[in-house]
Each structure stands twice: as structure tokens, then as C-alpha cells.
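These notes are about the structure you will find just below.
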Amino acid sequence: GSKMAAAPFGAPRDPAADAKLRSHGYARTLALARRLATGVESQVQLTRRVQAFLASYRYTTHARDHVRPLDAFLFKDREGSCQHFAGAAALLLRLAGVPARVAVGFAPGTRDSHDRWVVRDHDAHAWVEVWYQDVGWVAFDPTPRVTQSAGLAHASALAVALACFLLLAGALALR
């Protein structure tokens, strides 16, 4: 399995790193990540909070171009493609101390009249993977469900449920 060294969730952030982020134009994003993380006790809670925060944003394949696309997505346009949703969610999670990465691939596509699966460009999709100690990478899809294929949405929900179960089982085993 893959090994990853990460600070435990809730560990204090490096003030020098935060100062550098602020000096490079990410002060609002860092403040938003901290606000979303206030009072949460687990990565699962924070992941759900980020998803709930982004739920009011609108999906579009015609997002405007900006020098700082994630900043514009979060604070100005409040609309974007799956890349905007995934990028913003991963950024917010990482700034709040949760190891996260953006993954890209394709939704399952559709079956044609010859019972073959057909996957096209419009089936391309981006989502987030969150690292859970003792579990590994777990898929999390912040893009509104109206744009997701049922298979990807169902798989993401199952992955999160399985991760929660494994985390709970691990915590109980340590007692």
C-alpha cells in the first residue's frame, strides 16, 4: 500500500507558510478554510462541510477565464466546471489540514444498442481524493449531483461510507 507522512488532523499550521500564502493572494481562501474548519472534530466532518458550502454554487461548462480561477470561483463567480469544484474543495481541505488531491478521469459513459460502453469527451470528470490514515485515498465528489453520472455519485458515496466505517472500527479497536 501507499504510505504518506502527514500531520495529524487538527495539528497547528505553520505561521510562516500561512504568511507566504497571504502574500501570494490566498488570504481570503485561507480565512474561508479556517472558518469552515471551526468546530469540526474530524476530516469526515470537514469534508462534508466543504461539500455543503459548495452545494450552493452553480455548475457550468462555460466558466469565465481569470488569473486566479479558484479565487474567482469561490468569491466572485460562484459557478464553474467540475475542475473548479474539485480544485476549490481540495484547496480548502488542504488549507484546513486535510491531505487532499484532485483526480481526473471519466464517468462510466452509456451503453449503446450493441451492449457496448461508449465513453466520450463529455464524460470527462474531476473529483477529490482525501487521505485517511489506515484507510488510504477516498473519493469525494464536490460537483453538484445534477452533473454527475449515477455510477460515480454512488461510488463516491459508498467510498465515504466505507471510510467512515473503517475509521470507526479502527477507533473502537484501539480502545
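The values are calculated or read from the model by the stated rules, or taken from the named source; none is laboratory data. Keep in mind that what you see is a predicted model, and the values were worked out from it rather than measured. So basically every Cβ, Gly included, is an ideal-geometry build from the backbone, and we count neighbours across all protein chains shown. Please note that ligands, DNA and RNA were not included when accessible areas were found on the heavy atoms of the full protein model with its side chains. Shrake-Rupley method; radii C 1.70, N 1.55, O 1.52, S 1.80 Å.
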field: Low-density loop positions, trypsin sites (Lys or Arg not before Pro), segment 16-74 - DSSP coil, at most 16 other Cβ in 10 Å
entry: Arg64
task: Arrange the peptides 113-124, 91-102 so that the one whose residues have, on average, the most other Cβ atoms within 10 Å appears first.
output: 91-102, 113-124
field: Accessible carbon and sulfur surface of segment 1-100 relative to its total accessible area, %, 1.4 Å
entry: 53
- request: Can you work out the accessible area per residue across segment 36-147, with the rest of the protein chains kept in place, probe 1.4 Å, in square angstrom?
  value: 55
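Express the C-alpha Rg of segment 1-127 as a ratio against the empirical globular expectation 2.2 N^0.38 Å, rounded to two decimals.
Here the answer is 1.24, to two decimals.
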